[in-house]
Structures are given as structure tokens and as C-alpha cells.
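The values are calculated or read from the model by the stated rules, or taken from the named source; none is laboratory data. A quick note: this is a predicted structure, and the numbers were derived from the prediction, not measured. Heads up, the Cβs are rebuilt from the backbone with ideal geometry, glycines too, and the neighbour counts pull from every protein chain shown. Surface areas here come from the heavy atoms of the whole protein model, side chains and all, with no ligands, DNA or RNA. Shrake-Rupley method; radii C 1.70, N 1.55, O 1.52, S 1.80 Å.
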Amino acid sequence: NAEFGTQLYYAKKKQLSFTEVSEQIKKIQPDFLYLNQLFSVKFVLYPLFLKLLNKISCKVILNPRGTLYESALSHKRYKKMPFLFFFRLSGINKKILFHATNDREKVAVESNFPKSTVLIADNLPNFQQDSFQSIPKSPGILKCIFVARIVAIKNLLFVLKALEKINAQITFNIIGPKEDAEYWNTCEQKIKELNDNIVVNYLGALSNHEINRHVHESHLFILPTLGENFGHAIFESFLAGRPVLISDQTPWLNLEAKNAGWDLPLNNMNAFSEKIQFISDCSQDQYDVYSRGAWELANQFINNPSLMGDYLKLFS
């Protein structure tokens, strides 16, 4: 982007080599190298190895993106534990800066990598919010939406099982790429077993504009994730003024007190079913309390004056 002085390089993951990563960094000579996630060989381990070898002089910032939460580590633990062992053994954590997006993630980083430097700066979300607008709501009718990659950690199957007990006319739209074919096949089988009052639509991987439209046309966003360090899809639901039903494994907590939705423990599926039934039974006036509560939560977040200051500290 010439106007903003931005250059983009789209790497082909399958062909990306250690040499190419090294050459691109050498060519650009960045002041900061920002790494997303943690368990990525080509996009995280390669740059970190270069830093370990003192081939990179710039400041390296690593955002684990929720991968160090215990709930996330429990998924494919046999692969992740050896990785973390060698990460600690190398001492690379003392040569980089960790970016945590909340206190909980900072604790997770320090627990896994003692003596690391960790700065907290919340995620920079979409700052564009339309004026508040609810959606028609009749008792006994509910439009739900799930937006996430189709993988076990996002817990779609959990939602489908929770829907089994609902006595209402439910439309449940699923949006996201099928990254785990075996897991999707299990979900598909569960969909076939649901009662006729539950209509499930898989809409595929859509553009942000299309996702936004479907969120606005829904009553409730559902994501019982095993772990998120922010949850941009969750925040987009708040922006739209749509309450959410999520796990307590995200930074969005105490939602019921804010009339913005519910954050529940994953060891109680009945509680999820009860909330879905509750919001299904809501009248227009009852629903609007939660709709406006969600909108106001997002509005307060994007108008937080400390948000940009935290990033100036991170990149300084």
C-alpha cells in the first residue's frame, strides 16, 4: 500500500523454507518482528531460531494467541509438551518480548516460561460500530450463529449436543473453513440426529462482509471454545449488538452482569442448553436488554483511551 508505506509478502506455506524466511527478514531489515501464535514451525520457529543464532538484531515480539492456556494445551498435548520443553531449554524466551492480551495470558506465559518479559496490550479490534439496532424476536424462535474454524478446539460438537434438549424453533448457521475433516464428519453425524425443530445450515468460509451480515441477522452468537486470547468473532457480535453464549476460556467474563450474554464452564453442558432455551423463550423487550448490553460492552471497549497507549509501549 503506497499511501501508508506498507509492503505485503504472501508466503506459500508449503514451499516456505528456512532459507527463504531468513532472506526475507534480511532483505526487509525490520525494526520489529511480530510473531503470531506459537506452535508454527515456519512462521514462528524459523524466525525464533534466527534470533537464537543472533542472525536477527531487531526486537522480536511473540503473541501466543491463547495457545498457552491449559485448556488449549490439553488438545494434542503429546505434540505440544516436547515443543515447550525445547523452547525453554533453548532460553529463547529471554531474548524476546511476549505480548499478552490480558492478565490471564500473562500468567500463562510466565508459568510456562519463567523470567520472560511480558507486556499486556489488549487486541486492537474493529473500531467501526453502527448505531444500536436490535432484531425482531418472538418467543419460541431463535436464530443462532457459530463463526470459527471447524476444529476440535472451537468445540462445535459441544453446541450441537447442547441443542438436542431445546424445545423451540432453532436456526443454527455455521460459518468457517473445514480444517479438520474427521471432526466435521462427526459433527455432520450429530446434525443428522437432531430433532426437526433444529435446522442447521453450514454456510462455508465467508468474507468478513458476509459474516457481518449473518451476525446482524442472528439473535445469539455461540462459541464454547477451549481457549481464546481475545476472540475477534465474539467481539464482532458485541459490535453488532448480539449477545453471546461462550465458554469461560476467553477474556470476556462476567457477561451476564453486563447483560451481554453468558460465559460458562465447559463441564456443564446443561447450563448451555438452559441459556439457549432461555433466550429462545425471550420476548422482544426481554431480548433487547441483552442486545443493547452487548452493543454497549463493545462501545465501551473501543472508546477506552488506554488502548493505543499500550501499543506504543509495546512497539518502543
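Each peptide in 193-206, 65-78 gets a packing score, the mean of other Cβ atoms within 10 Å over its residues, and the list from highest to lowest is 65-78, 193-206. Return the label of the correct value of Rg and Dmax of the Cα atoms in Å, as calculated from the structure shown, out of [x] 21.1, 63; [y] 19.3, 62; [z] 21.6, 68. So the structure-derived entry is [x]. Among I56, I145, I246, whose mean-square fluctuation peaks in a Gaussian network model of the chain (Cα, cutoff 10 Å)? Answer for the Gaussian network model of the chain: I56.
The label-point distance for I120 and R213, in a model that sets each label 7 Å from Cα toward Cβ, rounds to 4.0 nm. Within a straight-line Cα-Cα reach of under 17 Å, K51 can be paired with the following aspartates and glutamates, leaving aside sequence neighbours fewer than 8 residues apart in one chain: E20, E23, D31. The value of relative contact order for segment 192-316, using C-alpha pairs under 8 Å at least six residues apart, is 22 percent. Each of P136, I28, P177 was scored by the projection of its Cα onto the charge dipole of the chain, and the greatest displacement toward the positive side belongs to I28; charges sit on the C-beta of Lys, Arg, Asp and Glu. Extension gain, S57-F127: 0.36 nm per intervening residue step, less the Cα-Cα distance, totals 21.9 nm. This model, with +1 at the C-beta of Lys and Arg and -1 at the C-beta of Asp and Glu, gives segment 1-93 a dipole about its Cα centre of some 420 debye.
If I take R0 = 22 Å and measure r between the Cβ atoms of K79 and R149 in this structure, what FRET efficiency does the formula 1/(1 + (r/R0)^6) give, to the nearest 0.05? Working from the Cβ atoms, E equals 0.80. Taking the accessible area of the chain, probe 1.4 Å, and keeping the other protein chains in place, the carbon and sulfur fraction comes to 52%.
Here segment 162-261 is treated as a Stokes sphere of Kirkwood radius computed over C-alpha pairs; at 20 °C and 1.002 mPa s its diffusion coefficient rounds to 145 µm²/s. Placing a label point 7 Å from the Cα of T186 along the Cα-to-Cβ direction, the residues of segment 246-274 whose backbone N falls under 19 Å from that point are 247, 266-270.
Between E179 and I135, the simple label model (points 7 Å from Cα in the Cβ direction) yields a spacing of 2.5 nm. Surface analysis of segment 1-100 yields an accessible area of 64 Å² per residue, using protein heavy atoms and a 1.4 Å probe. What is the angle, in °, between the Cα long axis of helix 103-112 and the longest principal axis of the Cα atoms in the chain? Nearest 10 is fine, range 0 to 90. Helix 103-112 sits at roughly 50 degrees to that axis.
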